[in-house]
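The values are calculated or read from the model by the stated rules, or taken from the named source; none is laboratory data. Remember, predicted model here, so these are calculated numbers, not experimental data. Backbone-built Cβ (ideal geometry, glycine too); neighbour counts: all protein chains shown. Side chains included, ligands, DNA and RNA excluded: accessible areas come from the protein's heavy atoms. Shrake-Rupley method; radii C 1.70, N 1.55, O 1.52, S 1.80 Å.
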Amino acid sequence: MAASSPSSPSSALSASSGGGVRDVYIVDAVRTPVGKYGGALASVRPDDLAAHVVRSLVERSPALDPARVDDVVFGNANGAGEENRNVARMAVLLAGLPVTVPGATVNRLCASGLEAVVQAYRAIALGDASVAVAGGVESMSRAPWVLQKPERAFPAGDQQLYSTTLGWRMTNPDMPPQWTVSLGEGAELIADRHGITREEQDAFAFASHEKAARAWREGAYDAEVVAVPGVELGRDETIRDATTPAALAKLKPAFRKDGGTVTAGNSSPLSDGAAALLLTDEEGLRTVGREPLARVRASAVTGIEPHHFGLGPVEAVQRALAKAGRGFADLTAFELNEAFAAQALGCFAEWPDLDPAVVNPRGGAIAIGHPLGCSGARLAGSVAHQLAAAGSGTGVAALCIGVGQGQALVLER
């Protein structure tokens, strides 16, 4: 790619938003390799993972004075353990950034990392910031058990510990039971609704592993993945090169014993990882002195019935594309989080104009993993790098969200 002058963004990216709203650019994006539950990253605290990607991101732009970073926004779905409730601020301090750089942590469950990107984008677009770091982190391996406070002092009986790794806990009894089914049962409901077979789900999962393994072999992730110091993890840990449709077919249903189609093999695994993006306005571009990867064009977030959470991206993507004045035919890159194969295939069924071949060309979460707070930032960064590699185009990052939401971000180059 030919470098453009630091004094102005590439003509392929430049456009006036009008109305006093600033254009916002993604200058760079990094992520760790994703570790499996109890795997290579299980010994690394989530605040250290977050600090690592923040430090790496800033070091990759040597012309940027770290004190020029106006805010650091991070997504995290847990917050109950070593994240220390505000992992963004922890990351700033542990990364060695000036103490004057603030940090805020946001939680939109599975889309927390994307929410962080959207909040940084809005702050820059409205002039509240010029340079910002946005990202996400999750260590599902290190998610603690929590103990609910008793209603009265000195209880004599046993107390229950709740795992904070994933899913409902301490559920409000006023919540309708159909809304509080497990995430896996929600995926089964989507399979029922759209007649998605076990074979189709396994074929989708097999393709995810094939694409991810090929992407790593061909160096597609070299520009964005930063190794974690002291950890031997050369690539995403849950990619199964040797899996086959026959091997996937042998796995038992994980959520419905009778007639179930959702298995561990066609679901995303519990994971650990972190990702971060550097966002700027045009003034920030001059400060950084780098060619941006992409420009943020639009975003949208929507709600849906909680037990149909997997279809949350359907309307969110449509709204975001409409805001951007684009359609499915315009897409160069589309990263859709693969919480479950049934969930992704259910979205495809409701997007008849989408060519599935454009989605997740480098593999998806079934192969790569789904560290909850990290995933949205990972997807946004991947789209930005794919658009930069293509030289031009429109891309979307989208996720379904537990408890019934969907979020999407549209980028352009």
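ARG193 versus VAL21, label points 7 Å from Cα toward the beta carbon: distance in nm?
The answer from the label model is 2.9 nm.
At 1.4 Å probe size, with every protein chain present, just tell me what the per residue accessible area of the chain comes to in Å².
Value returned for the chain: 40 Å² of accessible area per residue.
Taking the full set of protein chains and a 1.4 angstrom probe, give the accessible area of LYS211 in square angstrom, rounded to the nearest 10.
For LYS211, the solvent-accessible surface is approximately 50 Å².
Could you tell me whether region 42-115 comes out rounded, prolate or oblate from its Cα gyration tensor? Rule is a ≥ b ≥ c as square roots of the eigenvalues, rounded for a/c under 1.5, then prolate if a/b exceeds b/c, otherwise oblate.
Prolate is the answer for region 42-115, as a/c is 1.5 or above and a/b outweighs b/c.
Measuring from label point to label point, each 7 Å out along Cα→Cβ, what is the ASP258 to ALA80 span in nm?
Label-label distance for ASP258 and ALA80, simple model: 3.3 nm.
Return the single residue from ALA398, ALA88, ALA104 with maximal mean-square fluctuation; model: Gaussian network over the chain, springs between Cα atoms under 10 Å.
Checking each option, the largest mean-square fluctuation is seen for ALA104.
State, as an integer percentage, the relative contact order of region 111-170 based on alpha-carbon contacts under 8 Å between residues 6 or more apart.
With pairs under 8 Å counted, the relative contact order is 28 percent.
Just need the relative contact order of region 327-403 here, percent rounded to a whole number, with Cα pairs under 8 Å and 6+ apart.
Across region 327-403, relative contact order equals 49 percent.
Modelling each spin label as a point 7 Å along the Cα-to-Cβ direction, I'd like the ASP65/ALA389 distance in nm, to one decimal.
For the pair ASP65/ALA389, the computed spacing is 3.6 nm.
Please give the FRET efficiency for ARG169 paired with ARG286, using the beta carbon to beta carbon distance and R0 = 51 Å, rounded to the nearest 0.05.
0.60
If you build the convex hull over the alpha carbons only and average its shadow over all orientations, what do you get for the chain? Give it in nm² to one decimal.
Taking a quarter of the hull surface, the average projection is 21.2 nm².
Can you give me the span-like helices of the chain, meaning DSSP H runs with 18 Å or more of Cα extent along the axis and Kyte-Doolittle mean at or above -0.5?
Span-like helices here: 46-59, 112-125, 312-324, 372-390.
Let me make sure I get this right: for region 165-213, a, b and c are the square roots of the gyration tensor eigenvalues over alpha carbons, sorted descending. Under 1.5 in a/c it's rounded, otherwise prolate if a/b > b/c, else oblate. Which is it?
Oblate is the answer for region 165-213, as a/c is 1.5 or above yet b/c matches or exceeds a/b.
Specify whether the C-alpha gyration tensor of region 74-121 places it in the rounded, prolate or oblate class, a ≥ b ≥ c being the square roots of the eigenvalues: rounded for a/c under 1.5, otherwise prolate if a/b is larger than b/c and oblate if not.
Since a/c reaches 1.5 but b/c is at least a/b, the shape of region 74-121 is classed as oblate.
Could you work out, for region 261-353, what percent of all Cα-Cα pairs fall into each 10 Å distance bin, beginning at 0 Å and stopping at the bin that holds the largest distance?
Spelled out bin by bin, region 261-353 gives 12, 34, 33, 16, 4, 0 percent.
Summarise the accessible area of the chain (1.4 Å probe, protein heavy atoms) by the percent that is carbon and sulfur.
51
At what distance in angstrom do the alpha carbon centres of region 112-177 and region 228-292 lie from each other?
Here the answer is 20 Å between Cα centres.
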